[in-house]
Amino acid sequence: MDLQTVPLDQLREHPDNPRSHFDPAQLAELADSIKAKGILNPLLVRPNGKKGFQVLAGARRLRAARGAGLEEVPVIVRELDDEAALEVLIVDNLQRADVHPFDEARGYQTLLTRPGYDVARIAERVGRSVAYIYDRVKLLNLTKEAQDLFLAGKFTAGHAVLLARLKPEDQKRALDPDNRHDGLFRQEVGLPYTEELEVDAKDPYRLVAPRSVRELKGWIEERVKFDRDQVDPMLFPETAETLATAREVSTKIVPITRDYMASDDVRQVGKERIYSERSWKRADGKDGSKTCDSEIRPTIGVVVCGDGWGEAFAVCIDKKRCKVHWGAEIREAKKRAEDVTKSGKTGKDRYDLEQQKYREQEAEKKAKRARWKKALPDILEAVAEKVKKAPVKANGFLADLVIGGLENYSARSKDIQKLLSRGKTAEDLVRHAALIVLVSHAQDWNAPESFPKRAKAFGLDVKKILDEAAPAEKGVKEPTCRICGCTEDNACEMIDGEGCSWVEKDLCSNPKCVAKAGKPKKKAAK
């Protein structure tokens, strides 16, 4: 190892460096720091023939040094062959906190193409779990559109991991910015009314914000059909093993759901029958279930949507023969047949019986809800006791719970960390959480009227900032009613179900104002 000072023109970045995305703002901050303090950690390089040196660790510092105007930087020189250099290049760079997850994915994939490397060895070298490495590599399955949005910061790594597990057509559905009541994106919080349904042709994602990772996961489970023909053994090891065994012995495999019925998006895929909650019963002996009669051949059910998405286990769907699971239904069907034979009655009896059964089930659900409501105070009291004793850390479980609950307050929560970080103390966390709420209020449709009053509590003159940052155009005056003082943005009341309009440039269409002004009411053009 040799410590030297090397001119910048002798240093070249390694072409296989997985870090291809550098935040300009962060580079500028690093450049300012280098101007003030210099480079504290030398760059790691290796000789590059007669062309100087090749940078293995420190590409970001190299770029910042150029931005700071330095002519030379300290380096540590190591004699490494191509294989050793590649490992240092990837492992060192990907262990840094500011590396983009997609760059991680590319780096791990590069190592996987080299002899002697698998997911387990990479996980050991970088100090991560096997599941973490696998999820990162899966990010390479993102479509080009998803990659671009991810790199642009439109959604987080948590969202990206879930999207990467989907087929391209399902990723496209999830990313559709026009469908604001479905998929990953929703309308951004606090947009003015005029922009509520606006779609920006140049940037269709300007007026939308990502839902939480949990919401996206729920959407996938409800609206994306689990593909039982392409089961990922890393994500669903038990399901993969169950289905592989079933196919070896030609066991029937059927799609099921624990819901009353599958969603339309799921039912239209393949257009096969999906067995709903009333059409199957668990039959593997687990979770209190029973196995079928010995003469009944087992069937494997795969939960293709809803609760338990991706699970696979033995089920019974033989309502005509299996007395273990469908004994009551078989006896009921037999009795109905006998009654029809004796009385000659038609299917009305069956309908009445089904209606009675439905009423009994609804009564049972109502009783469960009543029990829950009655016990809720005791449940919440017990939860409160646990919360009282839980440790309070800025990055602990309670903190994550609070910030996660506030994510829906503000579509710009990812930017709030830059304004005011969560810090390391409970006091820092409270301030960070308060800022999330305040940002939400600042984005409300009536923020120009309401937010200055909120900010006044902090001794802040928002109107002064507004005048300095966005001066009002001279000669342009907002129409104001001379009678009631209302404006277009702050209408006095609704007229015939519509917003306040104008009879004259200084008189609104409110009948009271028109009468008081002594003017006949005219229908104003919208």
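Listed here are the residues, each with its yes/no results for (1) without any contact (Cβ under 8 Å) to a residue 60 or more places away in the chain; (2) β-branched (Val, Ile, Thr).
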| site | (1), (2) |
| --- | --- |
| Lys286 | yes, no |
| Val302 | no, yes |
| Glu311 | no, no |
| Glu329 | yes, no |
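Examine region 126-137 for a residue that is polar (S, T, N, Q), on the phi < 0 side of the Ramachandran plot and in a helix (DSSP H, G or I), and state whether such a residue exists. No, region 126-137 has no match at all.
Which one of these is farther than 30 Å from Pro101 by Cβ and charged (D, E, K, R): Glu87, Glu71, Glu83, Glu13?
Matching residue, one of Glu87, Glu71, Glu83, Glu13: Glu71.
With respect to being within 15 Å of Val402 (Cβ to Cβ), of a type in the set (D, E, K, R) and without any contact (Cβ under 8 Å) to a residue 40 or more places away in the chain, Arg422 fits the description. Counting the residues of region 1-24 that are over 23 Å from Gly107 (Cβ atoms) and either touching a Cys at 6+ places or on another chain (Cβ under 7 Å) or not charged (D, E, K, R) (or both) gives 8. Checked against (1) in contact (Cβ under 8 Å) with a residue 60 or more places away in the chain; (2) under 18 Å from the mean Cα position of the chain (by Cα), Tyr134 passes all but a single condition, namely (2). Of the numbered criteria (1) modelled with pLDDT of 85 or more; (2) in a helix (DSSP H, G or I), the one Glu83 fails is (1). Of everything in region 1-58 that is surrounded by fewer than 16 Cβ atoms within 10 Å (Cβ to Cβ) and among the polar types (S, T, N, Q), the residue that is nearest to Ala84 (Cα to Cα) is Asn48. The residues of region 431-480 that are among the β-branched types (Val, Ile, Thr), exposed (fewer than 14 other Cβ atoms within 10 Å of the Cβ) and at pLDDT 75 or above, listed by number, are Val437, Ile465.
The values are calculated or read from the model by the stated rules, or taken from the named source; none is laboratory data. Small disclaimer: the values here were computed from a predicted structure and weren't measured. Every residue, glycine among them, receives a Cβ derived from its backbone with ideal geometry; neighbour counts consider all protein chains shown.
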